[in-house]
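The structure appears below as C-alpha cells.
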Amino acid sequence: MVGVMSSSQPQIFSLQYPQSLGVYDDYAAAQKAVDYLSDEEFPVHDVLIVGTDLKQVERVTGRLTWARVLMAGAGSGAWLGLLIGLLLSVFTEGSASALATVLGGVGFGVVFGVVWGALGYAATRGQRDFSSVQKVVATKYEVLVEHKFLAQGQELLARMPGRPVNL
C-alpha cells in the first residue's frame with residue numbers, strides 16, 4: 001500500500017491517509033471500479049489508482065550488425081542535417097544557395113551520424129549486439145481512497161454489477 005507522500009512530491013498524487021479499496025489484475029478493471037464509484041456520486045477526487053508490482057519488460061527487436069548500425073546512423077544524421085540545413089537556408093539569398101545549404105546540411109549530417117553510430121557501436125565491444133525497446137509495466141493496480149471514505153467505497157463496490165472477485 002502507498003503511504004503518506006513526502007512534501008517534495010506533488011499533492012495531486014497523494015492522499016493524507018490512503019486505504020485500499022481493492023487490487024485489480026489490470027488497469028481496465030481498476031478504471032471500471034472508479035467509474036462506477038463516480039456514477040454513484042462518490043467523491044472520486046479522493047481516489048488514486050496505483051500501479052504496483054512493477055516489472056521491466058524488454059522486447060528484442062533485432063540483431064545489430066555494422067551495416068545496420070551505420071545505416072541507422074546515416075538515417076538519423078540525414079534528418080538532423082536536413083533540419084539544420086533548412087534552418088540555415090532561411091538566412092541565405094537565392095534558391096540555388098538555399099538548396100546547396102540544405103544539401104550540405106544533409107551531407108554533413110549523414111557523415112556525422114555514421115561516425116557517431118560507429119563510435120557508439122565500437123564502444124560496446126560486442127556486449128550488446130541487439131536492438132530492443134523497454135517498458136515498465138504494473139502487474140497489479142490498487143485503488144486507494146482517503147480513509148474517511150473507505151466504508152462508503154466498500155459498500156458501493158459491493159453492490160457493483162459484475163464486480164471482480166478479488167476485491
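Worth a mention:
- Any chance Leu54 is open to solvent by 80 Å² or more (accessible area, probe 1.4 Å), free of Cβ contacts under 8 Å to residues at least 24 places away in the same chain and either hydrophobic (A, V, I, L, M, F, W, C) or under 25 Å from Lys148 (Cβ atoms) (or both): no
- Residue in segment 1-18 that is in contact with a Ser or Thr (Cβ under 7 Å, 6 or more places away or on another chain), surrounded by 13 or more Cβ atoms within 10 Å (Cβ to Cβ) and either modelled with pLDDT under 95 or not polar (S, T, N, Q) (or both) present: yes
- Filter result (hydroxyl-bearing (Ser, Thr, Tyr) and open to solvent by 40 Å² or more (accessible area, probe 1.4 Å)) within segment 21-35: Tyr27
- In segment 137-165, the residues that are closer than 17 Å to Tyr24 by Cα and in contact (Cβ under 8 Å) with a residue 24 or more places away in the chain form Cβ pairs under 8 Å with partners that are part of a strand (DSSP E or B) and aromatic (Phe, Trp, Tyr), at six or more places apart or across chains, as follows: Lys140/Tyr24; Tyr141/Tyr24; Glu142/Tyr24; Val143/Tyr24; Pro164/Tyr24.
Residues are listed down the side, and each one gets a yes or a no for (1) open to solvent by 30 Å² or more (accessible area, probe 1.4 Å); (2) within 29 Å of the chain's Cα centre (by Cα):
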| position | (1), (2) |
| --- | --- |
| Leu87 | yes, no |
| Thr92 | yes, no |
| Ala98 | no, no |
| Val114 | yes, yes |
| Asp129 | yes, yes |
| Ser132 | yes, yes |
| Tyr141 | yes, yes |
| Glu146 | no, yes |
| Gly162 | yes, no |
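The values are calculated or read from the model by the stated rules, or taken from the named source; none is laboratory data. These figures come from a predicted structure and were not determined experimentally. Backbone-built Cβ (ideal geometry, glycine too); neighbour counts: all protein chains shown. In case anyone asks, the SASA skips ligands and DNA or RNA and just uses the protein heavy atoms, side chains included. Shrake-Rupley method; radii C 1.70, N 1.55, O 1.52, S 1.80 Å.
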